[in-house]
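The values are calculated or read from the model by the stated rules, or taken from the named source; none is laboratory data. Keep in mind the model is a prediction, meaning the values are calculated, not measured. Quick reminder, even Gly has a Cβ in these numbers, built from the backbone with ideal geometry, and neighbours come from all protein chains shown. These area figures cover heavy atoms from the full protein model, side chains too; ligands, DNA and RNA do not enter into them. Shrake-Rupley method; radii C 1.70, N 1.55, O 1.52, S 1.80 Å.
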Amino acid sequence: DIIFADNDKATFGDAVGGDLQIYHDTNNSIIKDAGSGHLKLLGTEFYVQNSAATKNAIRALDGGSVTLYHDNAPKIATTATGVDVTGTLNINSATDEILRLETSDNQAGNIYQSIRDASGELARIGMFDSSRILRLNNMQSDGDVAVFTNNTERMRIDSSGNVGIGIS
């Protein structure tokens, strides 16, 4: 074992003070890249864990996913097709625009919210093709669509296509 006292540094490289420094400053453990170039951590599986090595914070797989954890529970994971979020995604903005969804070519496409439960898809709201028509779609065979203002139903379209306005 090599033991360093607090604030003693293991230094590597030719720069004055070292290009790479590893030390403890009485409160924090520090790995400092003080030189030119990049700090690279290489491995086929990369983990950031708690000091007991019992909980993951980050897991990165060579050629695969990167997963961020909260209290060892996966919350955000990259996939081959995008990103999966487990739990609630809170989005805040200092402007009126809180969430903007666009296709990669800025053309109307399949941009929608899907509402699901264990039995499958219940409803969709959004644009489903290049027609630029906003659609509300109850996916249930006996499902109605109702429009509310001030928490009061103002219009209903039943599963047969009948429209009722001002009735519930």
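Take the residues of the stretch 30-47 that are surrounded by 13 or more Cβ atoms within 10 Å (Cβ to Cβ) and among the hydrophobic types (A, V, I, L, M, F, W, C): which is nearest to Ile2 (Cα to Cα)?
For the stretch 30-47, the residue satisfying everything is Ala34.
Mind listing just one residue for me: the one in the stretch 140-168 that is open to solvent by 90 Å² or more (accessible area, probe 1.4 Å) and closer than 22 Å to Asp117 by Cβ and, of those, nearest to the chain's Cα centre (by Cα)?
Out of the qualifying residues, it is Phe148.
List the residue pairs whose Cβ atoms are under 8 Å apart, where the first residue sits in the stretch 124-145 and is within 21 Å of Gly166 (Cα to Cα) and assigned to a strand (DSSP E or B), the second is at pLDDT 75 or above and open to solvent by 90 Å² or more (accessible area, probe 1.4 Å), and the two are 6 or more positions apart or on different chains.
Cβ pairs passing all conditions: Val145/Leu136.
One residue is enough: does the stretch 11-29 have a residue meeting the conditions at pLDDT below 90 and open to solvent by 60 Å² or more (accessible area, probe 1.4 Å)?
yes
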